[in-house]
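*Asks:* After the structure tokens below, expect a handful of questions from me.
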Amino acid sequence: MKILFLDFDGVMDTAYYDMVLTRAGQAPCDQYGVKFDPACVACLKQIIDETDARIVVTSTWKTMMRFPEFLAMWRGRDLPGTVIDTTPNKAGVRGVEIAAWLEECRVPCRYAIVDDLDASNFLDDQIPHLFVVNPWEGLDTDTTRRIIHHLNSES
């Protein structure tokens, strides 16, 4: 199974798109929260289309939304892929939550983590799976290409 551990703020919701919406006089939020950057959504779609990865939400949004609300948002916003879970809320760095999810999963996974947090927020063994993005532009085409290669590689 291929898993994409996905953050939202700085990955799907970008500072650039927030500025675009503000300048256009458009609302930055909908009923689910801050709107996602369409360029980042297109990159996510490419990852899903080319890897068939499933999404596990790592974003702090999981403290504000229950899982059924994530599913409703995914459908309501017509977002690509399938959200299968959120990481558990654990004290410490985000990597601890990912490690707990992987341990509970008990199914061998090839995974990628996409986040705007730096490597200090993850465990050492997760670093080869970590793809850090610039929160100004979020998930971009170069990072998308590298994630696809990582998830589809044999080693």
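*Asks:* Any idea which of F70, F5 is under 26 Å from R106 (Cα atoms) and at pLDDT below 95? Outline the logic, then answer.
*Replies:* Values: F5 fails: at pLDDT below 95.
Being under 26 Å from R106 (Cα atoms) and at pLDDT below 95 holds for just one of F70, F5, which is F70.
*Asks:* Could you tell me whether D78 is modelled with pLDDT of 95 or more, of a type in the set (D, E) and at positive phi? So that I can check it myself, show each step before the final result.
*Replies:* Values: modelled with pLDDT of 95 or more: yes; of a type in the set (D, E): yes; at positive phi: yes.
Answer is yes for this residue.
*Asks:* Determine which single condition E50 fails, assuming it passes every other condition in (1) in contact (Cβ under 8 Å) with a residue 60 or more places away in the chain; (2) surrounded by fewer than 20 Cβ atoms within 10 Å (Cβ to Cβ); (3) in a loop (DSSP other than H, G, I, E, B); (4) not aliphatic (A, V, I, L, M).
*Replies:* Result: E50 fails condition (3) only.
*Asks:* If T22 satisfies every condition in (1) under 15 Å from W136 (Cβ atoms); (2) of a type in the set (S, T, N, Q); (3) in contact (Cβ under 8 Å) with a residue 12 or more places away in the chain but one, which is the exception?
*Replies:* (3)
*Asks:* Of all residues in segment 137-155, count the ones that are assigned to a loop (DSSP other than H, G, I, E, B) and either free of Cβ contacts under 8 Å to residues at least 40 places away in the same chain or exposed (fewer than 14 other Cβ atoms within 10 Å of the Cβ) (or both). Please lay out each step first, then the result.
*Replies:* Restricting attention to segment 137-155, the residues satisfying the condition of being assigned to a loop (DSSP other than H, G, I, E, B) are 137-140, 153-155.
Add one more test, that the residue is either free of Cβ contacts under 8 Å to residues at least 40 places away in the same chain or exposed (fewer than 14 other Cβ atoms within 10 Å of the Cβ) (or both), and what stays is 153-155.
Result for segment 137-155: 3.
*Asks:* Would it be correct to say that T63 is touching a residue at least 24 places away in the same chain (Cβ under 8 Å) and under 22 Å from R110 (Cβ atoms)? Walk me through it before giving the result.
*Replies:* Numbers: touching a residue at least 24 places away in the same chain (Cβ under 8 Å): yes; under 22 Å from R110 (Cβ atoms): no.
When the stated conditions are applied, T63 does not pass them.
*Asks:* Kindly establish whether F36 is surrounded by 14 or more Cβ atoms within 10 Å (Cβ to Cβ), at pLDDT below 95 and not β-branched (V, I, T).
*Replies:* Spelling it out, it is not the case that F36 is surrounded by 14 or more Cβ atoms within 10 Å (Cβ to Cβ), at pLDDT below 95 and not β-branched (V, I, T).
*Asks:* Scanning segment 24-54 for residues that are in contact with a helix residue (DSSP H, G or I) (Cβ under 6 Å, 6 or more places away or on another chain) and acidic (D, E), which turns out farthest from W101 (Cα to Cα)?
*Replies:* So, considering only residues that are in contact with a helix residue (DSSP H, G or I) (Cβ under 6 Å, 6 or more places away or on another chain) and acidic (D, E), the one farthest from W101 (Cα to Cα) is D37.
*Asks:* Hey, any hits in segment 100-109 for a residue that's within 27 Å of A15 (Cβ to Cβ), in contact (Cβ under 8 Å) with a residue 12 or more places away in the chain, surrounded by 15 or more Cβ atoms within 10 Å (Cβ to Cβ) and not acidic (D, E)?
*Replies:* Quick first cut of segment 100-109, residues within 27 Å of A15 (Cβ to Cβ) only: none.
Looking for residues that are within 27 Å of A15 (Cβ to Cβ), in contact (Cβ under 8 Å) with a residue 12 or more places away in the chain, surrounded by 15 or more Cβ atoms within 10 Å (Cβ to Cβ) and not acidic (D, E), one finds none in segment 100-109, hence no.
The values are calculated or read from the model by the stated rules, or taken from the named source; none is laboratory data. Since we're looking at a predicted model, the values are computed, not measured. Glycine also receives a Cβ, built like all others from the backbone with ideal geometry; neighbour counts cover every protein chain displayed.
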